[in-house]
Structures are given as structure tokens and as C-alpha cells.
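Notes follow the structure.
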Amino acid sequence: MIGSILLFAIIVFGMYVASHRLGGLQLLGALGLLGVGIAFVVWPNAAQWAAERVGVGRGADLVIYFAIVGGLFAVANFYFRFKRQEQQLIAIVREQALRNARLR
Amino acid sequence: MFTRERRKPGLWVVIPAYNEAGAIGGVLRGLRERLPRVVVVDDGSSDRTGEIALESGAVVVRHAINLGQGAALQTGIDYALARKASHVCTFDADGQHDPASIAALEAALASSGADVALGSRFLVSAPQMPALRRVTLRAAVALTRLQTGLQLTDAHNGLRLFTRDAAERIRIHQPGMAHASEILAAIAREPLRYVEVPARVAYTAYSLGKGQGVTNSVKILFDLMYAAWTR
């Protein structure tokens with residue numbers, strides 16, 4: 001039951017990713033995440049197996065660590081994008097203000 | 001719209017203003033007795049700042065939305081340069097600066113041959129300055145010295161006078177309050193010759209409410225770190 005719900009969620013996430021234009025590196029990261037997510041749902045022991053290989057101990061811990069790192073990357077990505085768009089917005093507003101002032 | 005005085009090259013005063021309806025009228029009355037070329041950049045105020053500035057005879061350039069003091073300053077400087085300003089003076093809208101200080105800045109530029117004159121609150125005795133603000137400002141000064149190597153006594157004072165050449169060479173990219181450090185970094189980088197001039201600041205309840213609190217200085221620090229990282 002939980003497996004099918006998770007799989008459904010991951011597929012929805014995949015469709016969401018596919019429907020948005022992402023940069024090459026972001027797309028690669030998102031697809032990688034998707035693949036790992038599907039693998040962990042289909043083979044529940046895969047996380048445990050991987051955790052033991054890297055010396056974490058528990059599969060659940062490994063998943064949490066990956067989620068934290070992935071989350072940090074996502075936040076940083078949004079932040080930098082926001083900053084870029086802020087600069088563009090500032091340029092537009094300043095340009096418009098100066099143009100209006102010249103008209104008067 | 002433009003009086004004859006404004007068409008002549010000369011000193012332009014740039015005032016960034018955000019919701020300063022309570023103070024801007026008085027500030028402009030004090031300035032315009034001697035200085036005809038004043039541009040107020042209304043930074044998307046929700047009050048009557050822009051209208052009052054216009055009624056008081058200043059040129060008003062209006063940002064459609066609030067961008068921050070750094071962006072407003074750059075807009076005002078661009079406007080002044082387009083109006084063939086020979087000098088650009090930045091001045092606070094909250095009434096804490098004394099219009100008479102501008103003459104002192106002009107005199108200092110003329111006598112020293114510097115490119116930039118910076119007002120300093122710490123070259124005059126300022127008994128009214130609240131203790132917490134004094135400590136914060138001192139920390140900002142120490143950090144700025146470390147960062148730029150400029151031996152300044154004040155770091156975040158809004159009162160400055162630039163020659164046209166200096167105003168053209170300094171570009172403000174920080175939209176918020178970190179622009180003050182950015183200007184000093186540009187002075188150090190170019191490098192521009194600078195001189196500090198004692199400038200008394202009137203700390204009223206109004207200006208203290210509008211001024212930079214301690215929590216805001218944390219945001220300024222963060223903005224500067226971001227700028228240093230992404231440059």
C-alpha cells in the first residue's frame with residue numbers, strides 16, 4: 001500500500017519536473033533523485049544495503065541525509081534565482097522611473 | 001517643469017525617500033533656500049512622500065515599487081548625471097542631516113582636491129547618540145576598515161558629496177542598506193581620493209525610528225557576504 005502511494009508520489013514529482021524547464025545540471029539532479037527514490041520504493045532493502053556500504057548503519061538515516069543535502073541545494077538554487085530576478089526587477093523599475101521623470 | 005536654475009550644471013542633491021511624509025517637507029524647505037537642484041527618489045512610498053516633495057518644489061522620480069535605499073540612490077544619481085550635475089550630494093530624507101553641512105562638504109572638496117567628501121558623525125561630539133547605536137556604528141566602522149582599508153571614522157552616514165567623475169565611477173548594486181559599505185568599497189577599489197568632514201546629526205524620535213537598528217545590521221552583513229561570494 002505505502003509502496004504504491006510512494007511510487008505514485010514519485011511519478012507525479014517526475015511529471016512535475018518534466019513539465020518545467022530546468023537547467024541541464026538541475027535536470028540531472030532531479031532525475032537522479034527520482035531514480036534513487038523509485039529504487040528505494042521497489043527494493044526496500046536497497047537503502048539498507050547502500051547505508052551499510054557507506055558506513056551509516058541504517059537505511060532510513062541515509063535517506064534522511066540525502067533529503068537534507070538535496071533540500072539545501074534546492075533552497076540555495078531558489079535563493080540565487082530569486083536574487084537574479086531581484087536584480088532584473090530593480091533594473092526595470094529604475095528604468096521606468098527615470099523614463100517617466102524625463103517625460104515630465 | 002524645470003526652472004532655469006535646474007538646467008544649469010551644478011550641484012544636485014539626491015534624497016532617497018520611503019514613507020517620509022512626516023519629514024520630507026521640512027527637509028526640502030531647509031535645502032531649497034540655497035540649493036535649487038534637488039531630486040527626491042520616492043521609493044514606492046505608500047504615503048504622500050512623493051506629492052509633498054513635488055509640492056515643495058523638488059524633482060520627484062518615483063519607483064513603482066519599494067526597492068531599497070541603495071537602488072533609490074543609484075536612480076537619483078543617474079538622474080542627476082543626466083541633468084549634467086557637476087557634483088552629486090546624497091542626503092537623508094528623515095531630517096537628521098543639517099543642510100548647512102553641504103557647504104562644509106563643498107568647501108572640503110574644493111580645498112582638498114578630493115573626489116568624495118564623506119560626512120562623519122564621529123568627528124563631532126554627539127552626546128545625543130544612543131549608546132547601542134554608537135556601539136553598532138563603531139562595529140560597522142571597524143568592519144569597513146578591515147574590508148576596504150580606508151581609515152574612516154564613520155561608515156554608514158548618508159551624507160556624501162561626489163564630484164561628477166566619482167559619481168559616474170561608483171555603481172551601486174546593493175538595493176538595500178548594504179550600499180553604504182559598497183560605496184566605500186568602490187572608493188577603495190577605484191581608488192578615489194576622499195576626505196571626511198564633521199557632520200552633526202540630529203537624533204530625533206522620528207529619525208531614530210527610521211534609522212538602522214541592530215537587527216538590520218545583521219541583514220547588512222548577510223547582504224555583503226552574499227555580494228562577496230557571488231562577485
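Computed from the coordinates by the stated procedures, all read-outs in this text should not be read as laboratory data. On a predicted model such as this, the values are computed, not experimentally measured, just so you know. FYI the Cβ positions are ideal-geometry reconstructions off the backbone, even for glycines, and counts take in every protein chain you see.
Rounded to the nearest 500, the 222 nm mean residue ellipticity of the protein assembly as shown from helices alone is -19000 deg cm²/dmol, with -39,500 (n - 2.57) taken per DSSP H run of at least 4 residues. Counting only DSSP beta bridges with both residues in chain B, the antiparallel share comes to about 30 percent. Look at the stretch A:90-96: the mean tally of other chain Cβ atoms within 10 Å of its residues' Cβ atoms is 6. To the nearest ten degrees, helix A:2-19 and the longest principal axis of the Cα atoms of chain A are 30 degrees apart.
Between the helical axis of A:24-42 and the longest alpha-carbon principal axis of chain A there is an angle of about 30 degrees.
Shape class of the range B:4-230 from the Cα gyration tensor (axes a ≥ b ≥ c, square roots of the eigenvalues): rounded, since a/c falls below 1.5. For the residues of B:58-64, the average number of beta carbons from a partner chain within 10 Å of their own beta carbon is 4. With the alpha-carbon atoms of the range B:67-191 aligned to their principal axes, the span from lowest to highest coordinate is 41, 29, 28 Å, starting with the largest.
Each of B:Thr153, B:Thr75 was scored by other Cβ atoms within 10 Å of its Cβ. Arranged with the fewest first, they read B:Thr153, B:Thr75. With K and R counted +1 and D and E -1, the other residues having a Cβ less than 14 Å from that of A:Phe78 yield a net charge of +2. Within the listed set B:Tyr194, B:Tyr206, B:Tyr18, the residue fluctuating most in the Gaussian network model of chain B (springs between alpha-carbon atoms under 10 angstrom) is B:Tyr206.
In terms of the Cα gyration tensor, with a ≥ b ≥ c the square roots of its eigenvalues, is the range A:1-48 rounded because a/c is under 1.5, prolate because a/b exceeds b/c, or oblate? Since a/c reaches 1.5 but b/c is at least a/b, the shape of the range A:1-48 is classed as oblate. Loop-located GluC sites (Glu not before Pro) in the range B:14-85 (DSSP state not H, G, I, E or B) with no more than 14 neighbouring Cβ atoms inside 10 Å: B:Glu33. Peptide A:8-19 has a mean of 0 when you count, residue by residue, the C-beta atoms of other protein chains within 10 Å of its C-beta. Of the DSSP H helices in chain B, those with a Cα length along their own long axis of 18 Å or more and a mean Kyte-Doolittle hydropathy reaching -1.0 comprise B:69-82, B:100-112, B:131-148, B:214-230.
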